[in-house]
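To keep things clear, I will list the structure first and then write my remarks on it.
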Amino acid sequence: MSTTPVPVSDQPVLKLSNVESAYGPIRAIRGVSLQVRRGEIGTVLGSNGAGKTTILKTISGIIDPRKGSIEFKGEDITAKDPAFIVQQGLSHVPEGREVFPLLSVRDNLLMGAYTRDDSDGVARDMEAVYGYFPILKERAGQDAGLLSGGQQQMLSISRALMASPDLMLLDEPSLGLSPKLTKEIFEIVVRINRERGTTILLVEQNANMALNASDYGYVLENGRIVMEDTCARLREKEDIKEFYLGMKEEGQRDERRWKKKKNWR
Ligand SMILES: Nc1ncnc2c1ncn2[C@@H]1O[C@H](COP(=O)(O)OP(=O)(O)OP(=O)(O)O)[C@@H](O)[C@H]1O
Ligand SMILES: [Mg+2]
């Protein structure tokens, strides 16, 4: 047996095998297999209703899958309780941010740390998130409901960080934000990954931002993964450029029906 240690980056932190989830008769995702390696940013790209949110909810235990399995750090977490999964080091930043509007920004952050009993570490992480998003420090005493959409997204990401996660799930951080704010938030997400070593799985309709920020990507259509590759290679693929990044040559018309359904920004 070889004694050479496996490089950390080759170990999957998260592994989905053949996962299927449904809402009653509606099978939202089918045969979904994907991996996120330690330290990387993984992304799932898909248009409206492709099943992105369903994948994240299934990972974090909000929905129990009908089939398949989910491993986190080598342990089976399939259909485990969401609170248990958070305790294992997996935080979920939900679609549409979902901050507690009547709690102050500071108390929202402390809610993120509710599973921890290391008050020194919590205080350090509070300073760290204020470093990433200084506006949250300025607004620490204000009700979170008074923040702008972009600031609420910052708070939602920061609240997830307060659990000191090994893996953070991000559901469409760009949703409803201006291009400038989206760029700022993605830059911070990349910094969090590089500086803290937090592994990230990001789902997006904004293929452009997601492919630039991430290392490895999956394309999801109608609940199935139809393509996967490094983001560097996905960015170069003609059909990705044409259909997902809006980089079609001028003057050409494409009559393929499925293209018209797409709603990529
Ligand atoms: N609570 C629900 N009840 C019934 N069907 C649902 C429910 N939530 C989602 N679906 C359906 O499951 C499919 C996948 O939805 P999901 O929300 O995972 O997609 P998504 O990729 O996150 O879309 P979006 O980009 O709009 O957020 C869609 O067909 C959707 O209509
Ligand atoms: Mg969604």
*Could you give me the residue pairs with C-beta distances under 6 Å whose first residue belongs to region 121-143 and is without any contact (Cβ under 8 Å) to a residue 12 or more places away in the chain, whose second residue is among the charged types (D, E, K, R) and surrounded by 13 or more Cβ atoms within 10 Å (Cβ to Cβ) wherever it lies, and which are 6+ apart or on separate chains?*
Tyr130/Lys137
*Does Pro94 count as surrounded by 15 or more Cβ atoms within 10 Å (Cβ to Cβ) and either farther than 26 Å from Asp10 by Cα or away from ligand 2 (no atom under 16 Å from the Cβ) (or both)?*
yes
*With Asn208, Asn193, Asn222 as the choices, which residue is in the same structural domain as Pro82 (by TED's automatic domain parsing), more than 16 Å from ligand 2 (Cβ to nearest atom), touching a residue at least 40 places away in the same chain (Cβ under 8 Å) and over 26 Å from Ile85 (Cβ atoms)?*
Asn208
*Which residue pairs have Cβ atoms closer than 6 Å, lie 6 or more positions apart in sequence or on different chains, and pair a first residue in region 53-67 that is at pLDDT 95 or above with a second residue that is within 13 Å of ligand 2 (Cβ to nearest atom) and in a helix (DSSP H, G or I)?*
Ile63/Lys57; Pro65/Thr58
_Take Asp166 and tell me if it is in contact with a Ser or Thr (Cβ under 7 Å, 6 or more places away or on another chain) and within 12 Å of ligand 1 (Cβ to nearest atom)._
no
_Which residue is nearest to ligand 1 (Cβ to nearest atom), if the candidates are limited to region 36-61 and must be part of a loop (DSSP other than H, G, I, E, B), within 16 Å of Leu90 (Cα to Cα) and in contact with a helix residue (DSSP H, G or I) (Cβ under 6 Å, 6 or more places away or on another chain)?_
Ser60
*With respect to Leu14, is the statement that it is touching a residue at least 40 places away in the same chain (Cβ under 8 Å), within 15 Å of ligand 1 (Cβ to nearest atom) and within 15 Å of the chain's Cα centre (by Cα) true?*
no
_Ser47 vs. criteria in contact (Cβ under 8 Å) with a residue 40 or more places away in the chain, surrounded by fewer than 16 Cβ atoms within 10 Å (Cβ to Cβ) and not assigned by TED's automatic domain parsing to the domain that holds Met126_ = no
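The values are calculated or read from the model by the stated rules, or taken from the named source; none is laboratory data. This is a predicted model, so every value here is computed, not measured. Here the Cβ is made from the backbone with ideal geometry for all residues, glycine too, and neighbour counts use every protein chain on show.
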